[in-house]
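First the structure, in the form of structure tokens, and then the observations on it.
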Amino acid sequence: MHYRHFVFDIDGTLLDTEYAVLHSLQDVIRAVQKREAPVQDLRFALGITGDDALRQLGFADLAAAQRLWDERMACYQSSVRVFAGIEPLLQGLAQNGKQLGIVTSKTRAEYKTDLAPFAITKFFPLSVCADDTKRHKPFGDPLRQYLQTANATADTVLYIGDSIYDSQCAQDT
């Protein structure tokens, strides 16, 4: 196959955010629900929207919990890294005329906050975030939105992610 579009997830694919995401979520649970939650019990939250994760954890005020989570995530920003080899990979794809994009469960604000500190943003002229579609991963809506916006067909796009939600999103497209 000859792919013209390479579309990436962010967390766990481009950026190593696992520590920051899980520990900041742990902080939110501790602050709001007054309980301890082992990190291993929170791994389900990797790859889905913050609202979906917070809903599954039983938070009543999702907006307030998400704001606190964003605040706590900022405290762990120094632990976030671009995975080794990603920048040269993106550079090589771009130099070979490939269109690069993002499909993420992050909101547009989270995307700007979390990815902006890294030089790789210049490679992604098109991104689809959680607030760009009504349904999110694991549904295929975000990837279909990318296809429509990029005027691409599914057989020309390779979606690269790290979670079962990414796989399900691609399969539902």
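Let me make sure I get this right: for the range 94-173, a, b and c are the square roots of the gyration tensor eigenvalues over alpha carbons, sorted descending. Under 1.5 in a/c it's rounded, otherwise prolate if a/b > b/c, else oblate. Which is it?
Details: a/c = 1.66, a/b = 1.12, b/c = 1.48.
It is oblate, given that a/c is not under 1.5 and a/b is not larger than b/c.
Please state the shape class of the range 127-173: rounded when a/c is under 1.5, otherwise prolate if a/b exceeds b/c and oblate if not, all from the C-alpha gyration tensor.
Details: a/c = 1.76, a/b = 1.10, b/c = 1.59.
Oblate is the answer for the range 127-173, as a/c is 1.5 or above yet b/c matches or exceeds a/b.
For the chain, the relative contact order works out to 32 percent when only alpha carbon pairs closer than 8 Å and six or more residues apart are counted.
Would any residue of the range 21-44 have its amide N under 20 Å from a label point 7 Å out along Cα→Cβ of R67? List them or say none. Of the residues in the range 21-44, 24-34 have backbone N under 20 Å from the label point off R67.
Annotation: extensible slack from Q148 through A119 equals 7.8 nm (criterion: 0.36 nm per residue apart, minus Cα-Cα distance).
Its Cα gyration tensor gives the chain an equivalent ellipsoid, and the semi-axes of that ellipsoid, as √(5λ) in whole Å with the largest first, are 29, 18, 13. Counting protein heavy atoms only, the chain has 52 percent of its accessible area on carbon and sulfur, 1.4 angstrom probe.
When the range 123-172 is described by a simple charge dipole with +1 on each Lys and Arg Cβ and -1 on each Asp and Glu Cβ, the residue from I164, P125, N151 located farthest towards its positive end is N151.
For the residues L62, L89, L100, a GNM of the chain with alpha-carbon springs under 10 Å puts the largest fluctuation on L89.
Loop-only check: which GluC sites (Glu not before Pro) in the range 11-91 are DSSP coil with at most 14 other Cβ within 10 angstrom? Kindly include the intermediate steps, with their values, before the conclusion.
Numbers: sites: E18, E36, E71; in loops: E36.
The qualifying sites are E36.
The values are calculated or read from the model by the stated rules, or taken from the named source; none is laboratory data. Small disclaimer: the values here were computed from a predicted structure and weren't measured. Reconstructed Cβ throughout: ideal geometry from the backbone, glycine too, with neighbour counts over all protein chains shown. Side chains included, ligands, DNA and RNA excluded: accessible areas come from the protein's heavy atoms. Shrake-Rupley method; radii C 1.70, N 1.55, O 1.52, S 1.80 Å.
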